[in-house]
1. Between residue 83 and residue 16, what's the calculated FRET efficiency when r is the beta-carbon distance and R0 is 45 Å? Round to 0.05.
2. Give me the angle, in degrees from 0 to 90, between the Cα long axis of helix 153-162 and the longest principal axis of the Cα atoms of the chain, rounded to the nearest 10.
3. Once the other residues with Cβ under 11 Å from the Cβ of residue 210 are scored (Lys, Arg +1; Asp, Glu -1), what is the net sum?
4. If I compute volume of the Cα convex hull per residue in Å³ from the structure I just sent, which labelled value in [x] 155; [y] 139; [z] 188 lines up?
5. Please report the spacing between the Cα centers of segment 183-261 and segment 19-85 in Å, no decimals.
6. Is it possible to state the helix-based mean residue ellipticity at 222 nm for the chain, with each DSSP H run of 4+ residues giving -39500 (n - 2.57), the sum divided by total residues, to the nearest 500 deg cm²/dmol? What is it?
7. What's the extension gain from residue 261 to residue 168 if we count 0.36 nm per residue and subtract their Cα-Cα distance?
8. Give me the distance in nm between label points sitting 7 Å out from Cα along the Cα-to-Cβ direction at residue 41 and residue 3, one decimal.
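Just so it is clear, none of the values below were taken in a lab; they were calculated from the coordinates. Every value quoted in this text rests on a predicted model; they were computed, and no experiment measured them. Cβ: placed from backbone, ideal geometry, glycine included. Neighbour counts: every protein chain shown.
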Amino acid sequence: MKKENIQDKLELIIGKWWFLLLFVLMQFFVPPYASRGFDWSEVGWITAEVLSNALVYDYPTVYPIFKIAPIVLVLSIVWVGSRASRVFSIYVGTNYVLFAFLQSIAVTGKYGLGIITLNLAMFTIVASFWFWEANIQKNDFTPQKQPSWKYWVIPAAFLAFWYPCSISGVSAVRNFNPVKLLTNEAGLTFCMMTPVYLSIVTLYHPRVNVATLRVTALVGAIIGVYNVILNFFLAPSLWWNGVLHMPLLTISIYGLILSFRKTDEILDLPIDR
């Protein structure tokens, strides 16, 4: 089957109501795993334990690599356009694989090996769509005329990427140390990098891979809702962490809406460089 035919089928499938329903149902029927066993009433605690002790925190020496690399890739898109598309998509897909394993798995004192199976599955699905995009290259990063209001995603994504926050126990405090821009763990976290990737795709919409945009935005919106509930309601002392997760929620919802707009209604013309 030709790549274009596969892409058409993907876009058809992800536009079905049952596809969206499948992701909703996954939230209730994909339980976490713990090697020491657990009661269903402890599902929330397992998730919290895994997120707090995730493998990602064991590799601080590589944090700068995953902050510098996306900066270089974004600048490459700005300067060489679609010639950077495939490398960008491969990096993003690889990043989501790392999110899936480094953020969803932990060895905890209470539960032993813990796995947030739901996140592992969703992040892996997102990764597969980005690898598919690297193969078919539907994202066209040729400069386009865009209304100025569409650039609201840039400061929001930058805030998420910077992640000016320090967490101690169940409290989050503002930390605008510019060094954190290149040294914290944000480059290896789903919640902070998804706004960056979605913001780039939305700025080049509609000449983008709609299937990849929609799946990424859908999972981002789901995780964003979880973080709003956690940081503002269940643990309000983490409210600043909640603020820094708002780009994930808002840009994901925005991207999801864009993914359902008909491209023939919003033709954007390329501009000369």
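1. Working: r = 34 Å, r/R0 = 0.76.
Efficiency computed from Cβ-Cβ geometry: 0.85.
2. It is inclined by approximately 40 degrees.
3. Details: positive: 138, 207, 214, 261, 262; negative: 8, 11, 133.
Once positives and negatives cancel, what remains is +2.
4. [y]
5. So the two Cα centres are separated by 12 Å.
6. Numbers: 11 runs with 158 residues, N = 273.
Only helices count here, giving -19000 deg cm²/dmol.
7. Computed gain between residue 261 and residue 168 is 29.3 nm.
8. 5.4
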